[in-house]
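What follows is a single structure, written as structure tokens, with notes after it.
Only the coordinates and a few stated rules stand behind these numbers; no lab work does. Source: prediction; values computed, not measured. Backbone-built Cβ (ideal geometry, glycine too); neighbour counts: all protein chains shown.
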Amino acid sequence: MAEKTADRVSVLIPTGFTPWSYPCVRSLGRHGVRTIVASEHRSVPAGASRFCDERVRIPAPSDDLFAYKDSLKGIAARPNVRTIIPTRPEDPYVFAKYRDEFEQYVSLVVPPLDVLKTVHDRMRLHEAASAAGIPVPETRSLDEVDEWDSDYVIKSRYNLLAEEYLPSYSPTESDFADGIRYVKSGSDIDVAAIAAEMDHVPIAQEYVQCESQYVFGALYDHGEPVTTFQHRQIRGNTYANGGGVYRESIKNPELKSVGEQLLDSLNWHGLACVEYAKDTETGEYKLLEINPRMWQSLPCAVRAGADFPFDYWCQATGRQDLIDPHYEVGVRSHFLHGELKHLFSVLNDEPTLADRPSFAGRAWEILESCYTTPHFDVFRIDDPRPFLSGFERVLRANWRRSRSSDRSSMNALRSFRAPNPNTDSISYTKSLVRLWRRIVR
């Protein structure tokens, strides 16, 4: 029986702790595809799923991008592996840069490197979008801003810091500059200090006043849309927005038009998560960025019927006839950990250009929406272990931070051993409850 399982056609899913790898494992496992989860971590939520068939330890891309590439290629060389799902920010870059090495073994659906360079460079992307007639916020290199006469957002110029974009990086190096600074009109900015902190000269982008942000998700085949999806963001990682943690599937002809117009102009191939902000003054959907991989709000899309993991598999394996482009409107989904981060941002984050809501009011909104719409990205009754695994990790991390000076608590944490969630989820849950009681006592 084990031999038959190992001989099934397989998919490789690289992942860290991100929530969007779980719907990839769940979707493809339910469709009968053997799932291989690869990570540098001993335990990740997606690997705890009952739909995960195999877990493999690999180097972290942030430690050695070349070793990460070689490890993925080694797994891809197995005769039963058909494709790799791009879930991590480094994946499209690695697959495009070393396409010939990977396509000896598997079929990949990712944009070519020259297109990826345009998308990963926010300056080039906004120039290309503007040339295609897509509304964009004013975007300049930080060192070209002479007067701060408007509200701006300072953020990394590149989605990924790597050799192709920054000559100071070697082929083994990659990094991110995730920090975002909100700058009010008339502020005094130390450009050199910010550039040193981010390891490159970032961009200053016009702040778009908006009530909501939107995502246009798509899978393309050499310039032609295969399937698309849209959602409206209700809450983001922080009260100033960020990645969606509570969203609703929608169908808006104008959003579809600007989304397809942009990707058509790029002759796009593969996955795309295109982020827009709807300008409250002009009503335009203004482009923020493109992520050429699976994205944070993917669980909402899959729940609504836009099954991008399976669709990617079908395109990679030559079965586009199985792709269903339809999805349900009005489907909502929560990323619970993200909802907590959003709530904490109301208390702890530095002031931004967005109005800070009241903590009590926002807490009530989150609780009410979780009650009326109990749809969650990772928490599933029929597959509880990914959520429990993630909960244990967050619990341990927060305890370390809050009680680092408490020797007895740290000793208790080190001695804590939970049952294996893959074999006894009930005992595993009880052990986490006992640990939680010890934390809050």
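Descriptive notes on the structure:
- Scanning the range 105-139 for residues that are surrounded by fewer than 21 Cβ atoms within 10 Å (Cβ to Cβ), out of contact with any helix residue (DSSP H, G or I) (no Cβ under 8 Å at 6 or more places or on another chain), among the charged types (D, E, K, R) and in contact (Cβ under 8 Å) with a residue 12 or more places away in the chain yields D121, E138.
- Condition check for Q261: out of contact with any strand residue (DSSP E or B) (no Cβ under 9 Å at 6 or more places or on another chain) and either assigned to a strand (DSSP E or B) or closer than 24 Å to E328 by Cα (or both): yes
- Of the candidates R50, R55, the single residue that is part of a loop (DSSP other than H, G, I, E, B) and either over 20 Å from the mean Cα position of the chain (by Cα) or aliphatic (A, V, I, L, M) (or both) is R50.
- Residues being under 22 Å from E211 (Cβ atoms) and not in a helix (DSSP H, G or I) - total across the range 351-374: 9
- Residue ranges of strands (runs of 3 or more DSSP E) in the range 63-166 with at least 1 members of a type in the set (G, A, S) and within 21 Å of the chain's Cα centre (by Cα): none
- Scanning the range 375-393 for residues that are under 20 Å from the mean Cα position of the chain (by Cα) and assigned to a loop (DSSP other than H, G, I, E, B) yields H375, D377, V378, F379, R380.
- Single residue of the range 94-120 satisfying the filter (of a type outside the set (A, V, I, L, M) and touching a strand residue (DSSP E or B) at 6+ places or on another chain (Cβ under 6 Å)) that is nearest to A46 (Cα to Cα): S107
- Just one of (1) assigned to a loop (DSSP other than H, G, I, E, B); (2) of a type outside the set (A, V, I, L, M, F, W, C); (3) buried (at least 24 other Cβ atoms within 10 Å of the Cβ) fails for Y22. It is (1).
- Of the residues making up the range 251-294, just one is farther than 16 Å from H126 by Cα, of a type in the set (A, V, I, L, M, F, W, C) and over 19 Å from the mean Cα position of the chain (by Cα), namely L255.
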